Amino acid sequence: MLAAITLVVLGQMSGSNPAKAPGASEGNQAVVETNPLKPPAQGSIPVAFLISEGAQVIDFAGPWEVFQDVMVPGRTDHPFRLYTVSESTAPIHTSGGMKIVPDYNFENAPVPKVIVIPAQSRPSEAALEWIRKSTKTTDVTMSVCTGAFVLARTGLLSGKAATTYHGAFVRFANEFPDIHLKRGARFVENGNLATAGGLSSGIDLALRVVERYFGREVAQNTAYDLEYQGQGWMNPESNQAYAATPISTAGRTICPVCGMNVDPATAPKSVYKGKTYYFCSEDDKRTFDATPDQFVNTDRKSM
């Protein structure tokens, strides 16, 4: 799974008693503002999942499961309508080789009110333009993991804060210096734009979207029905374990490009200013070799 992310960077109604998020504290509940969204008076909320080759499964499947399991008291219809969108309806292969046939292409896709952008291959200009155009009328356009790179390439995040997968912090900061990278954030919201951290963070951001539409109790019931005990959706600053930048130590070798652990015995390596650096992949090595000063920071804090 982590290898797939590295490649992407480069290129049910509950019971009668209201359910509460396990162990939810008042402190967690108060951290994030409600900032409600208004659901349509009639019909379901259309949610488009933008996918292409290499899409990370949990990034879109996690939010998909959240949205599909939402049940709103007093409603007999499903509150969200979910569908996939891609440049064409030809089958694509996700991380791990799963084959998916997209429901729609950019020309015939229904107009979305929510867009979910998982980690995936580098987007085409057509994909970026579809995001720009669609976001003019969305309630939320959200990225998950390194899907933040896709959203950033639209220009919509310029001058705003965002987060991404912790193994892509350095690359994201270097590629998008006009975006304020928030390390340690589970998710970041800016108007109708939102970015989640890596992998499971997308589940939390989806629950947050549910809360904004239908309230905390509906979101809590959804999490309960999913048997999901994470509480990051109630606290956007809950990813502090990833706030510090890891550095190599005597017993731990870190790739300076992605920040992940590497095995010096088998990892590609480069020597720069007399010091040897090890990398997760040949692509990371090439990235480092092109601009090594961007990845060598003597002020990094140990983690």
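When residues in the range 241-280 are screened for being part of a loop (DSSP other than H, G, I, E, B) and under 27 Å from ARG186 (Cβ atoms), 14 of them pass. Among residues belonging to the range 286-303 that are acidic (Asp, Glu) and either surrounded by 10 or more Cβ atoms within 10 Å (Cβ to Cβ) or over 15 Å from PRO246 (Cα atoms) (or both), point out the one that is modelled with the highest pLDDT. My answer is ASP289. Filtered by the rule that a residue be of a type in the set (Val, Ile, Thr) and closer than 25 Å to PRO177 by Cβ, the range 255-295 gives VAL257, THR287, THR291.
Inspection of the range 130-150 finds no residue satisfying the criterion of being surrounded by fewer than 21 Cβ atoms within 10 Å (Cβ to Cβ) and farther than 22 Å from ASN108 by Cβ.
For (1) outside any helix (DSSP H, G or I); (2) outside the structural domain of VAL140 (by TED's automatic domain parsing); (3) within 16 Å of the chain's Cα centre (by Cα); (4) farther than 18 Å from HIS78 by Cβ, each residue gets a yes or a no:
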| position | (1), (2), (3), (4) |
| --- | --- |
| LEU205 | no, no, yes, yes |
| GLN220 | no, no, no, yes |
| TYR224 | no, no, no, yes |
| TRP233 | no, no, yes, yes |
| SER238 | yes, no, yes, yes |
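ARG186 falls short on exactly one of the conditions (1) modelled with pLDDT of 95 or more; (2) farther than 28 Å from PRO39 by Cα; (3) in contact with a Gly (Cβ under 6 Å, 6 or more places away or on another chain), and that condition is (2). For the range 250-291, the tally of residues that are among the aliphatic types (A, V, I, L, M) and under 19 Å from ALA168 (Cβ atoms) stands at 6.
Taking the range 229-249 as the range and being more than 23 Å from ASN174 (Cβ to Cβ) and either of a type in the set (Asp, Glu) or in contact with a Pro (Cβ under 9 Å, 6 or more places away or on another chain) (or both) as the test, the residues that pass are GLN229, GLN231, GLU237.
Residues checked against (1) over 18 Å from the mean Cα position of the chain (by Cα); (2) surrounded by 15 or more Cβ atoms within 10 Å (Cβ to Cβ); (3) not assigned by TED's automatic domain parsing to the domain that holds THR137:
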position	(1), (2), (3)
SER201	no, yes, no
VAL210	no, yes, no
GLU227	yes, no, no
ARG252	yes, no, yes
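The values are calculated or read from the model by the stated rules, or taken from the named source; none is laboratory data. Bear in mind the structure is a predicted one, so any value in this text is a computation, not a measurement. Heads up, the Cβs are rebuilt from the backbone with ideal geometry, glycines too, and the neighbour counts pull from every protein chain shown.
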